[in-house]
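For reference, the structure is listed below as C-alpha cells.
No lab work stands behind these numbers, since they all come straight from the coordinates. Since this is a predicted model, take the numbers as computed values, not measurements. Glycine also receives a Cβ, built like all others from the backbone with ideal geometry; neighbour counts cover every protein chain displayed.
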Amino acid sequence: MNQAVRLEKGAESPRPKELPGRPARVGLALVPLLSLGVLGFVPSLTLALRRGTRNDRLAALLFTAASVGWCLQIALTPEETHGFAYLLDLVLLTASTLGAAAHCLTVKEAGR
C-alpha cells in the first residue's frame, strides 16, 4: 500500500545533504578526465543536485559554462590556431577537465 508523504511547512527535505563518499567522488572526478572535459559539468552538477547549496549550484553553472564554451570554441575555430584563440582553448579545456576533477575531490561539507 503506497501512502503519500506530506512535508509540513518548515520540515526538512528527505533529500540527503551530505557529500557522497570518497570512492564515489573519485569516480565522479574521473568523468571529466576520461571525457577530456566534454562532461566536465557532471561532477559539480551531481553535487549540486545532491546537496543543493548555493556554492554547489554556482560551481555547476561555472563548469557547465566552461564545458559549453569549450565545445563552441572547438566548433568555431580552425584546426591551426595560434595566439589568443589557442590560449582561450587551453584555458577552457583546463577548467572543464582538471578544474572540475579538482573541485570534486576537494569539496568540503557545507557547514565546514
*At a Förster distance of 30 Å, what's the computed FRET efficiency of Leu34 paired with Glu80, Cβ-Cβ distance as r, to 0.05?*
0.65
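Using 0.36 nm per residue, how much length does the chain from Cys71 to Arg22 gain when fully extended, once their Cα-Cα distance is taken away? Present the calculation step by step, with values, prior to reporting the outcome.
Values: separation 49, 0.36 × 49 = 17.64 nm, distance 2.95 nm.
This chain segment gains 14.7 nm when fully extended.
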